[in-house]
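To keep things clear, I will list the structure first and then write my remarks on it.
Read the figures in this text as sums done on the coordinates, not as results from a lab. Owing to the predicted nature of the structure, the values given are computational and were not obtained by experimental measurement. Glycine also receives a Cβ, built like all others from the backbone with ideal geometry; neighbour counts cover every protein chain displayed.
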Amino acid sequence: MRFSTISLLQELHEQSEGQSFARARAQFRGTDEEFSRRLRQYLGMLPSRKGKFLKQHGFSSADAQSAQGTTMSLAISEDMGRFLYNLTLMRRPARILELGSSYGVSTLYLASALQQLGKGEMIASELDSMKCRKLKEHLNIAGVASLVAVWEGDAFELFNNLAGHFDLVFMDVWSTLYLKMFQRLEAFLQPGSVVITDHMYTAQDEVADFRRYLSASRQFSSSTLDFASGVEFTVMV
Ligand SMILES: C[S@@+](CC[C@H](N)C(=O)[O-])C[C@H]1O[C@@H](n2cnc3c(N)ncnc32)[C@H](O)[C@@H]1O
């Protein structure tokens, strides 16, 4: 990965973590010491317990998922980014689809891996026009803009304009939409296609219907990777 991309990513990760921290502090009704104690507890706990913990202590992402949306970045973690980068190097996809790009942190990891491979292309989709503007700026800075077509608008509408198949999909829209979006996505998958979905632990109640759907499916083999916010790794059989 280029040095300029690494430093851009560092800046974007810091910005996103700062925003999430500030939101959590605003939602927490207690002293700074109590907040620090809860934060240490959260950071040290098994990923699979995080969703319950967040709910129990009144932390919620419902504000972000409202109709107004949010200017918050809500970017993936560095760990998760490295995972997407390595997965792309391994899978060597001809086509990647990203659903929910925000300011482009995950997009930068995926597109940088395509740049490294010297082949492949990607579609990145984002509902919010301000975020799309920043996303394009970031792709330009990283020198990967030519590899990524940005769809500005609702990803459900994007499906009406798509053809062919995707080898790798990263789904990171609002978690309440996962099941509906995945069912729409299925027509664009083929055996061997991989779908990665974030927040399977941190939004465990919201994704329960999606999890049940995958468990009951014979067409998909799926398991939850126990890192970051809970990462669903789904392969079309
Ligand atoms: C969790 S953030 C994505 C973070 C991003 N993957 C990253 O790592 O920086 C979710 C994003 O999905 C977008 N989104 C939500 N619903 C959408 C939809 N129906 N179509 C396209 N984007 C959507 C939101 O605007 C938000 O920016």
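Observations on the structure shown:
- Scanning region 22-63 for residues that are within 16 Å of the ligand (Cβ to nearest atom) and either under 24 Å from Asp226 (Cβ atoms) or among the β-branched types (Val, Ile, Thr) (or both) turns up Ala24, Lys50, Gly51, Leu54, Phe59, Ser60, Ser61.
- Within region 84-104, being under 16 Å from Val231 (Cα atoms) and either under 12 Å from the mean Cα position of the chain (by Cα) or within 11 Å of the ligand (Cβ to nearest atom) (or both) holds for Leu84, Glu98, Leu99, Gly100.
- Scanning region 32-45 finds no residues that are within 30 Å of Ile141 (Cα to Cα), part of a helix (DSSP H, G or I) and among the acidic types (Asp, Glu).
- Only one entry in Ala124, Ala111, Ala75 is buried (at least 19 other Cβ atoms within 10 Å of the Cβ) and either part of a helix (DSSP H, G or I) or not aliphatic (A, V, I, L, M) (or both), namely Ala111.
- Within region 187-237, the residues that satisfy the criterion of being of a type in the set (D, E, K, R) and under 17 Å from the mean Cα position of the chain (by Cα) are Asp198, Glu206, Arg211, Asp226, Glu232.
- For region 82-108, a tally of residues being in a loop (DSSP other than H, G, I, E, B), in contact with a Gly (Cβ under 8 Å, 6 or more places away or on another chain) and not basic (Lys, Arg) returns 2.
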